[in-house]
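J.: Before we start, here is the structure in question, set down as structure tokens.
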């Protein structure tokens, strides 16, 4: 037998399986270890009969009844609307009648969270923009609101020119009172949305909506509002010009506001799905359900759209359960009254059915997975704010479409909408952040079409970065066998906040450090520290040089005499400082774990040990990486040789580069080795800007570096060695000799032909 086509069995009791890929007639798939041959073409996402199904028998998927066979269905047949009757309305009536017959206290309405808050390890706060009305936003946007159809085009042009969101309306002139009030609430809730900083209201001037009435309601929340009337402003062109100016002014005000910590529990998440297919209920919807379960367990707020109603099993009380069923009944009756067809005949839509969903029950079972394990605390009408923590529903019975659903979620103040879509859906909202979630790989490849090429590329890159690296092991990090790497960008703010939070979580209390005389305990009374960084020209005006030390043990006191082990003498650490960004503070004392900066007259190197007088141990060295790129570097102006030598030596002592020279020569030119080529650019920039030296730089072919372990009193010379053309003898600025090689072959060649020559792999500077 050849390769089996992929299929999925959701529950063991199901009599249908789902084709994960297209199955041609005569091709086989393996379901629960049983081979099934397709009798006809089975489209991806559609159902294949797992066994013979008699006429009138139940179709079972998700372990439950989703419809009735209208004819005999043979094992391997395609199972869809041509041979399945959707008895949703009949079953639904029976279920609703059953629940309505129950006593109010016959069911358990207790709310059970899937997770415990303490298990989730979620942060208590997120960064947001605080509003005067007590809310906060995760965006800080200026919104253009068109108050009537006639101003839509002008609003769109202002939006495009300023790159800000805009909302449009299909009426607001001559509406019936009930619809007009809902439209008015839409304008106000858009302007007062937590993500909205300020608003430009654009109208024609003769519409039913009173712009000042809307503006006044928005201003009550402390948000700035600019009101522009096309007729009063002198025409469309002038109104667009004034609108652009107003938006740009509000944007400048918004940019001045800084993000602050805001309670995570105040974040409102909306859940909805549209453009459903077979993947929605199996992947995207359960993911949303899990996310909302976690958020609710942490004390958060969530909102779902209740267009088709629900059952008491999803409600937090008998009264709410009855209202959910009333909404569903109204929705079904309204469908029948308006179009002559009940809910089961109009929903799933043709797109849903093309995506593999045959019946209303099948679609609902997938949709309900977005709800997770929550119970609805109450039903909101369009425009009602979310009263507090927990899960809430919005009555969608009078607007059963995705655009209406998205709008109602935004009108209730949702910061984020988790919008699941199988086949793809471009619907979003100007106010809230809409996150599209899909389990359909074909839809995922069409991201460009749904969210734009630039945003799609950025999203793919960020998702790829989030999955980079091997599995994180905190113990390995602390043992020094694994280095954590954070991916992000300060310029785009991607990954910055998670980095800071995770970095703090990983931080340990001060730890002991290994020395050549054993571990040095942090609780030892004797002061000790090691130098881990040197930075020249911290203050360009004073040409200072700062050595940064980490205190390992004891107490540091300013002007106290200490012993510099590598220098072999007693010194006083003058003007000890602590640095925070560009700010410096002179300190008088510091303790184990603290980092201090001291003035360095050129006596310190990275890895040096400082102790109390009488103690002469050395801390273990700080590892450095072997250079992989080399350049010959010399000053363009030979009169600036002194500045060149000083600059290269100081930058090398900082650990940014490593410098080498030919033995028995001066420092007129040096060989610079770096780990990454960007460090060459840094060297060139710093020598030019800090030392006023411009450079000649010539690339060299070397890739490998080896120490020479030489016992003689005199340094080796090249004539003492047999070297190929792609090898070179050099020494570092401390006089230690090394060999540069262009290839591994050269290393072996030199070792074979120079008997007694001992080469050691590079492990950093020899202190």
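J.: If you fit an axis through the alpha-carbon atoms of helix 285-297 and take the longest principal axis of the Cα set of the chain, what angle between them do you get, 0 to 90°, nearest 10?
T.: 70
J.: In what order do 639, 322, 360 fall by count of nearby beta-carbon atoms within 10 Å, going from fewest to most?
T.: Placing the least packed residue first, the sequence is 639, 322, 360.
J.: Which of rounded, prolate or oblate describes the range 395-464 when judged by the alpha-carbon gyration tensor and an a/c cut-off of 1.5?
T.: prolate
J.: Using a simple spin-label model with points 7 Å from Cα along the Cα→Cβ vector, what separation in nm is obtained for residue 677 and residue 591?
T.: 5.0
J.: Multiply the residue separation of residue 634 and residue 290 by 0.36 nm, subtract the distance between their alpha-carbon atoms, and state the gained length in nm to one decimal.
T.: Values: separation 344, 0.36 × 344 = 123.84 nm, distance 6.14 nm.
Using 0.36 nm per residue and subtracting the Cα-Cα distance, I get 117.7 nm.
J.: Return the whole-Å distance between the Cα centroid of the range 216-293 and the Cα centroid of the range 416-442.
T.: Rounded to whole Å, the Cα centres lie 16 Å apart.
J.: Test of understanding: what is the full-extension gain from residue 100 to residue 486, defined as 0.36 nm times their sequence separation minus their Cα-Cα distance?
T.: Contour length minus the Cα-Cα distance gives 133.4 nm.
J.: According to the square roots a ≥ b ≥ c of the eigenvalues of the Cα gyration tensor, what is the shape class of the range 266-463, taking rounded for a/c under 1.5, prolate for a/b larger than b/c otherwise, and oblate for the remainder?
T.: On the way: a/c = 1.68, a/b = 1.16, b/c = 1.44.
In terms of gyration-tensor shape, oblate.
J.: Same structure again: As I understand it, the value is the acute angle between the Cα axis of helix 744-753 and the longest principal axis of the Cα atoms of the chain; what does it come to in degrees, rounded to 10?
T.: With rounding to tens, the tilt is 30 degrees.
J.: Which FRET efficiency value, to the nearest 0.05, is calculated for residue 118 and residue 477 with the Förster distance at 25 angstrom and r the Cβ-Cβ distance?
T.: Calculated transfer efficiency: 0.55.
J.: Output the peptides 544-551, 439-446 sorted from most to least packed, where packing is the average of other Cβ atoms within 10 Å over each peptide's residues.
T.: Ranked by mean Cβ neighbours within 10 Å, highest first: 544-551, 439-446.
J.: In whole percent, what relative contact order does the range 266-463 give with Cα contacts below 8 Å and a gap of six or more residues? Numbers along the way, then the final one.
T.: Details: 386 pairs, mean separation 62.9, N = 198.
Value for the range 266-463: 32 percent.
J.: Between the range 193-212 and the range 346-395, what is the C-alpha centre distance in whole Å?
T.: 31
J.: Just grab the label-to-label distance for residue 444 and residue 599, each label 7 Å out from Cα along the Cβ direction, in nm (one decimal).
T.: 6.0
J.: A follow-up question, please. Please compute the contact order of the chain in relative form: average sequence separation of alpha-carbon pairs under 8 Å and at least six residues apart, divided by the residue count, as a percent.
T.: 8
J.: Please sort 13-26, 244-257 by packing, taking for each peptide the average over its residues of neighbouring beta carbons within 10 angstrom, highest first.
T.: 13-26, 244-257
J.: Of the labelled options (1) -0.32; (2) -0.45; (3) -0.26, which one gives log10 I(q)/I(0) by the Debye sum over Cα atoms at q = 0.05 Å⁻¹ as computed for this structure?
T.: Step by step, log10 I(q)/I(0) by the Debye sum over Cα atoms at q = 0.05 Å⁻¹ for this structure corresponds to label (2).
J.: Only bridges whose two residues both fall in the chain count here: according to DSSP, what percent of them are antiparallel, nearest 5?
T.: Of the beta bridges lying entirely in the chain, close to 70 percent run antiparallel.
J.: While we're on this one: Once you have a ≥ b ≥ c as the square roots of the Cα gyration tensor eigenvalues for the range 137-259, tell me rounded if a/c is under 1.5, and otherwise prolate or oblate according to whether a/b is larger than b/c.
T.: Judged from the Cα gyration tensor, the range 137-259 comes out oblate (a/c at least 1.5, b/c at or above a/b).
J.: Sort 419, 136, 762 by Cβ crowding within 10 Å, fewest neighbours at the top.
T.: Numbers: 419 27, 136 21, 762 17.
Least crowded to most crowded, the residues run 762, 136, 419.
J.: Suppose the chain between residue 753 and residue 219 were pulled fully straight at 0.36 nm per residue; how much longer would it get relative to their current alpha carbon spacing?
T.: Full extension from residue 753 to residue 219 adds 183.6 nm.
J.: Pairs of Cα atoms under 8 Å, at least six residues apart: use those to get the relative contact order of the range 17-107, whole percent.
T.: This gives 22 percent for the range 17-107.
J.: Between residue 156 and residue 462, what FRET efficiency follows from the Cβ-Cβ distance if R0 is 35 Å, with the result rounded to 0.05?
T.: That gives a FRET efficiency of 0.75.
J.: Assuming R0 = 51 Å, can you tell me the calculated FRET efficiency for the pair residue 435 and residue 717, based on Cβ-Cβ distance, to the nearest 0.05?
T.: 0.15
J.: What is the angle, in °, between the Cα long axis of helix 453-466 and the longest principal axis of the Cα atoms in the chain? Nearest 10 is fine, range 0 to 90.
T.: 60
J.: Just how far, in whole angstrom, is the range 87-164 from the range 725-743 if you go by their alpha carbon centroids?
T.: 66
J.: Another question, if that's okay. Using only helices, what value at 222 nm comes out for the chain when you add -39,500 (n - 2.57) per DSSP H run of length 4 or more and divide by the total residues, to the nearest 500 deg cm²/dmol? Don't jump to the answer; show the numbers that get you there.
T.: Values: 21 runs with 215 residues, N = 767.
Taken over the chain, the calculation gives -8500 deg cm²/dmol.
J.: Note down the nm distance, to one decimal, between modelled labels 7 Å out along Cα→Cβ at residue 264 and at residue 336.
T.: The answer from the label model is 4.7 nm.
Every number in this text was worked out from the coordinates using simple rules, so none of it is lab data. Because the structure is predicted, anything quoted here is derived from the model rather than measured. Cβ sites come from the backbone with ideal geometry, for glycine too, and all protein chains shown count toward neighbours.
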